[in-house]
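Student: Got a structure here, written out as structure tokens. Questions coming.
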């Protein structure tokens, strides 16, 4: 990743997508290390984390992580998701944060020099192109080393630079373990929030 000390940096973390990518690489994200790493690389003006929360659920396994992020330097953006049962009788989550991420990227592009998108979703290609036209550089962080690969080819080509999440595992990761109260990352955190279990990445 190429950053300059005077770069104003903003991070955009697609929570479900990043969780799935890290899970595919068999490690967990240490969000404190992630924040510290980008604070070293320039002037970090905002770190957004996006996730959906299931409506009418007494306990959400993602909630402890969301609360921790909210108190530790992240701007957490959530919205309600719907739980439904698919044709195979499996419980699924339907929710999508793409619009929220795209709008925030467009809005902050007037104040930032470098945006870092933690997602491999090809739907973001057009918004990356748009902020680049405003003179903002964009780095995409995802992976092509998982099975299946999580990063869209179109997204990789559009970005100014692509960083494989696998190459950051020793910097912002820790070995996968059972979820703990402090950093709860239950399977539900990685459940498909677009209704397709990540097949379009």
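Student: Take the residues of the stretch 15-28 that are buried (at least 21 other Cβ atoms within 10 Å of the Cβ) and touching a strand residue (DSSP E or B) at 6+ places or on another chain (Cβ under 6 Å): which is nearest to residue 75 (Cα to Cα)?
Tutor: 15
Student: Being farther than 23 Å from residue 130 by Cα and either free of Cβ contacts under 8 Å to residues at least 12 places away in the same chain or in contact with a helix residue (DSSP H, G or I) (Cβ under 9 Å, 6 or more places away or on another chain) (or both) is the requirement here; does residue 47 meet it?
Tutor: No, not satisfied.
Student: If you don't mind, another one. In this structure, does residue 109 turn out to be at pLDDT 95 or above, over 15 Å from the mean Cα position of the chain (by Cα) and more than 20 Å from residue 35 (Cβ to Cβ)?
Tutor: Spelling it out, residue 109 is indeed at pLDDT 95 or above, over 15 Å from the mean Cα position of the chain (by Cα) and more than 20 Å from residue 35 (Cβ to Cβ).
Student: Could you name every one of the helices (runs of 4 or more DSSP H) located completely within the stretch 120-180 that has at least 1 residues being farther than 20 Å from residue 38 by Cα?
Tutor: Hits in the stretch 120-180: 125-132, 153-158.
Here is a yes/no grid of residues against (1) under 21 Å from residue 137 (Cβ atoms); (2) in a strand (DSSP E or B):
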site: 67; (1), (2): no, no
site: 76; (1), (2): no, yes
site: 101; (1), (2): yes, no
site: 111; (1), (2): yes, no
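Student: In the stretch 78-99, how many are closer than 19 Å to residue 10 by Cβ and either in contact with a helix residue (DSSP H, G or I) (Cβ under 8 Å, 6 or more places away or on another chain) or part of a strand (DSSP E or B) (or both)?
Tutor: The number of residues fulfilling the criteria is 3.
Student: Which one is farthest from residue 150 (Cα to Cα) among residues in the stretch 112-127 that are touching a helix residue (DSSP H, G or I) at 6+ places or on another chain (Cβ under 7 Å) and surrounded by fewer than 22 Cβ atoms within 10 Å (Cβ to Cβ)?
Tutor: Going through the qualifying residues, I end up with 125.
Student: Scan the stretch 4-15 residue by residue and report those that are farther than 15 Å from residue 163 by Cα and either touching a helix residue (DSSP H, G or I) at 6+ places or on another chain (Cβ under 6 Å) or not in a helix (DSSP H, G or I) (or both).
Tutor: 4, 5, 6, 7, 8, 9, 10, 14
The values are calculated or read from the model by the stated rules, or taken from the named source; none is laboratory data. Since the model is a prediction, treat every value here as computed from it, not as a measurement. Quick reminder, even Gly has a Cβ in these numbers, built from the backbone with ideal geometry, and neighbours come from all protein chains shown.
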